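Structure first, then comments.
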Amino acid sequence: MQRRDIIKRTAITVFGAGLPFSGALAQNRYAKYAGQTVTLNVPSHPHYDAMAKILPEFTRETGIKVEIDKLAMARLKDKQLLEMAKPQGDYDLVSYVVMWKGEYAAKNLVRPLEPYLSDAALADPAYDIKDIIPIYLENLGLVGGPKGYLPGAGAKLYGLPYGAETSVLAYRRDIFAKHNLQPPENYEQFGKLLRLIKDKEGMGALASRGQAGHQCVHAWLLHLNPMGGAIFDARWEPRFNDSVGVAALKFLQEVVATGPAGIAGYGQGESNTAFLQGQASMYLDSTLLAGLVNDPAKSRVAGKVSWALHPAGTRRSSQSGGLGLAIPKNAKNADAGFLLMQWLTSKAQDKAVARAGGVPIRNSTMADADLVRQYPEYIVFREALKYSNPDWRPIIAAWDKINVQALGVGISEALIGKKTAEAALNELVPTVKKIMRESGYTV
């Protein structure tokens, strides 16, 4: 049964599009907060590197200063939990990973956004929240509704997407042209390509994550979902060790066997680097890579990469995830923090961060003619979003423990050859069941 104490559900209400916001009114909105400092906690991440390029404009426009506390992704949650548990924390705005949203809301650590979005003194009527890509807004922002994290009755908005992503396939069109290959439409073609490219080209076929913990679980989920698998059934009982789960793990084992050397130790950064440095002919992961591929200072493959949809298994199912922004309950300058959040995710600044190499969150940005000419991959990305799966992984508080301490251990053992795929997954079932019982999801 579903957890009883998850969080009280209330309907989500947010403002829609309005009349353009005049410069004079905008200055009045910001005047009260000029001179305040918003402290923003962010990860070391390419999207937030792009954000840093546009951030000085916010202070010029508003008079509100911004101080950035930038941490390695692995340290982010621990520091946020520490700060948000204080009577008054150091952070006015935090960037969080999608898996943390339910825990933060359940522990009353972050503020619901509806009071801000409906406050005429703060909310920009030209903001147009309906323009934000729905799957990103729902996936990153909503708590409540079905399963406690999906859109539906009782869902409530606690954050806005910023650094959201879905999965796509990048491939070296020069290598594919050399061997008269086509990007894979399905997993049967995908599997054949892995070995073919490794044998013919002598380079890694697919760059992938594989590091123990969250990273290898993420890589496995990329294949589990389109193959038709899931972590739990409708009663929160494990099904990840069924025939589909095993097939997905065996596919990932083949990715490791045919990929660049060292995949079993790769995190997202190492996987990105392997593709950017020409050590693999394909990449299946986040749309985040596009901004890096296009930067000659970071990429040896600029001008050689094309994009395709995540290959289909029994269905098409792309990743949903990434990063969002939330206001801590104990923020000192919460209103100014909201104004920064609103500014960063506005139409104008979404285009600006995209030009700086970040990932857009708005339909209007993805459809902008000038940006599409600059980034033609947006055409593929927009199509991929039709298949982005909001239930790609269970966004529940227990997931962190399952992800890192259970699945992240067993899958890694399969990737380094310590266990078979079947044994690795089967042996995890009692541990995952215990975690779910202790978390109140099953009896």
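Observations
- In the assembled protein chains, Val380 presents an accessible area of approximately 30 Å² (probe radius 1.4 Å).
- Close amide H partners of Val66, meaning residues 5 or more places away or on another chain with modelled amide H under 5 Å apart, are Val38.
- Cross-link partners of Lys386 among lysines, defined as those whose alpha carbon lies under 24 angstrom from its own and excluding same-chain residues fewer than eight positions apart: Lys101, Lys130, Lys147, Lys156, Lys347, Lys351.
- For the listed peptides 416-426, 401-411, 236-246, a ranking on the average number of other beta carbons within 10 Å per residue, highest first, reads 401-411, 236-246, 416-426.
- Under-5 Å amide H pairs with Ala312, H placed in peptide plane, nonlocal only: Asn186, Tyr187
- Largest-first ordering by accessible area, 1.4 Å probe, given options Ile132, Ile68: Ile68, Ile132
- Accessible-area value, Met341, 1.4 Å probe, nucleic acids and ligands omitted, Å²: 0
- Candidate aspartates and glutamates for bridging to Lys329, where Cα separation is under 12 Å - those fewer than 8 sequence places away on the same chain excluded: Glu83, Asp90, Asp92
- For the set Lys53, Lys32, Lys77, the ranking by accessible area, highest first and with no ligand, DNA or RNA atoms included, is Lys32, Lys53, Lys77 under a 1.4 Å probe.
- Selection from Gly324, Ala334, Ser286, by position along the positive dipole direction of the stretch 205-352 (Cβ): Ala334
- Whether the stretch 190-275 is rounded, prolate or oblate, judged on the alpha carbon gyration tensor where a/c under 1.5 counts as rounded: oblate
- Candidate cross-link partners of Lys192 among the aspartates and glutamates, defined by an alpha-carbon separation under 20 Å and a same-chain spacing of 8 or more, comprise Asp174, Glu201, Glu254, Asp285.
- Counting only Cβ charges, +1 for Lys and Arg and -1 for Asp and Glu, the dipole size of the stretch 146-191 around its Cα centre is about 160 debye.
- Average Cα contact separation per residue, the stretch 107-251, under 8 Å, 6 or more apart, as relative contact order %: 11
- Accessible-area composition of the chain, carbon plus sulfur, in percent [1.4 Å probe]: 52
- Close amide-amide hydrogen proximity is noted between Arg362 and Ile133, each under 5 Å apart and 5 or more residues distant or on a separate chain (H modeled in the peptide plane; Pro and chain starts excluded).
- Over all other residues within a Cβ to Cβ distance under 15 Å of Asp233, the charged ones net out to +2, with Lys and Arg as +1 and Asp and Glu as -1.
- The residue list Val42, Gly102, Pro112 was ranked by how far each Cα lies along the charge dipole of the chain toward its positive end, using unit charges on Cβ atoms, and Gly102 comes out on top.
- Karplus-derived HN-Hα couplings along the stretch 325-333 (A = 6.51, B = -1.76, C = 1.60, θ = phi - 60°), whole Hz, x at Gly and Pro: 10, 9, 9, x, 4, 9, 5, 6, 10
- Whole-Hz Karplus values for the stretch 237-248 come out as 8, x, 10, 5, 9, 6, 4, 6, x, 5, 4, 5 Hz, taken residue by residue from phi with 6.51 cos²θ - 1.76 cosθ + 1.60 and θ = phi - 60°; glycine and proline positions read x.
- In this structure Lys433 has an accessible area near 80 Å², from a 1.4 Å probe over the protein heavy atoms.
- Annotation: the antiparallel percentage among DSSP beta bridges lying fully within the chain is about 60.
- Using the Karplus relation 6.51 cos²θ - 1.76 cosθ + 1.60 with θ = phi - 60°, the per-residue 3J(HN,Hα) values for the stretch 400-413 come to 4, 5, 4, 4, 8, 8, 10, 4, x, 8, x, 5, 4, 4 Hz, with x marking Gly and Pro.
- The residues of the chain expose on average 39 square angstrom of accessible surface per residue, using a 1.4 Å probe on protein heavy atoms.
- Beyond 22 Å in Cα-Cα separation lie the following of the pairs Lys86/Lys332; Lys53/Lys332; Lys32/Lys65: Lys53/Lys332.
The values are calculated or read from the model by the stated rules, or taken from the named source; none is laboratory data. Because the structure is predicted, anything quoted here is derived from the model rather than measured. Note: ideal-geometry Cβ built from the backbone for every residue, glycine included; neighbour counts use all protein chains shown. Side chains included, ligands, DNA and RNA excluded: accessible areas come from the protein's heavy atoms. Shrake-Rupley method; radii C 1.70, N 1.55, O 1.52, S 1.80 Å.
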